[in-house]
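These notes concern the structure reproduced below.
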Amino acid sequence: MINYNGKIFASVQTTENGEVNSSTIFRYYQEGSVVWAEYAGGGIMRGHLIAAANRLGELDMRYHHINDKGEIMTGKCYSRPVILPSGKLQLHEEWQWTCRDFSKGHSIIEEQ
């Protein structure tokens, strides 16, 4: 199982309807199969996520944040870890807003 505790990620790719960018930094923590993170930057004032990790390190998560327009945004996400040749992690994410237009998107965040 992958241990996310103490890992820091930044966005490297997202679809147009996403709100994160390369300036958004995610700080991950983990206890057992419970994973959570704080994130901010790049148009996100403050955000949090909570996830359940399975034995493959895949994450079933829910997230919320306040953007720089003062809007509270919420969503759900499924993240699949990919180990790069450097040994760093990427998370390939399929997500959906649970607010506003309920659109879906794809993102990749990478360990810093």
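In the full protein context, the chain carries 55 Å² of accessible surface per residue, based on a 1.4 Å probe and ignoring ligands, DNA and RNA. Between the stretch 74-89 and the stretch 1-71, what is the C-alpha centre distance in whole Å? Centre-to-centre distance over Cα atoms comes out at 10 Å. Put a dot 7 Å past the Cα of E31, heading toward its Cβ, do the same for M45, and the two dots end up 2.9 nm apart.
Of all alpha-carbon pairs in the chain, indicate the percentage at a distance above 19 angstrom. For the chain, the share of Cα pairs beyond 19 Å comes to 38 percent.
Extending 7 Å from the Cα toward the beta-carbon at both Q112 and L84 defines two label points whose distance is 1.3 nm. One decimal place: the segment T74-D60 gains 3.6 nm when fully extended, by the rule 0.36 nm per residue minus the C-alpha distance.
The values are calculated or read from the model by the stated rules, or taken from the named source; none is laboratory data. The shown structure was predicted, so the numbers you read here are calculated from the model rather than taken from an experiment. Neighbour counts run over all protein chains shown; Cβ positions are idealised from the backbone, glycine included. Only protein heavy atoms, including side chains, enter the accessible area calculation; ligands, DNA and RNA are left aside. Shrake-Rupley method; radii C 1.70, N 1.55, O 1.52, S 1.80 Å.
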